[in-house]
Amino acid sequence: MTRIENEVGAERSPTSSEIGEEKLANGLVWLTEKAMSIFPFDQGYALGGPCGYGFTYENDTFSMHRYCWCDREDCPWCGEQNAPNFLHKPSGYSVWWYKWIGRGMTMKGECDDLRAALMECRQSMQADKEAGRELKENEW
């Protein structure tokens, strides 16, 4: 991810509002790639490209959920709850997308260092794997 200079010329990681949708989408696709290397699964792909749809996973650090088409009223993603497709729990930063990452994205909240947040998500999955967690079929 890109580094930027702050007001005094020191480099720092960009905040979520500074990086733009394309780089955010690339970061979420990167996180999906890392999930596939930690928990091997075949998600298939089409217009969203490899790793472009995200995956379904939740722990204490983050949650990610692929776009849902079930249209059930009690579904957190399709119903009135409108749960985000990605949530970084420590910051509350949320992202929604339509069908695949990067398409029709909406963001809510602010994450001071998005690169660090995504690394934290990856590290939390690795820790889950080392603790014996496996992905169930309904999680990918």
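Each reported figure results from applying straightforward, stated rules to the coordinates on display, with no laboratory input. This is a predicted model, so every value here is computed, not measured. Cβ placement follows ideal geometry from the backbone for every residue including glycine, while neighbour counts extend to all protein chains displayed.
Remarks
- Summing +1 for each Lys or Arg and -1 for each Asp or Glu among the other residues whose beta-carbon sits under 13 angstrom from that of S124 gives 0.
- Under the combined filter of DSSP loop state and at most 12 neighbouring Cβ atoms within 10 Å, the range 87-125 retains these chymotrypsin sites (Phe, Trp or Tyr not before Pro): Y98.
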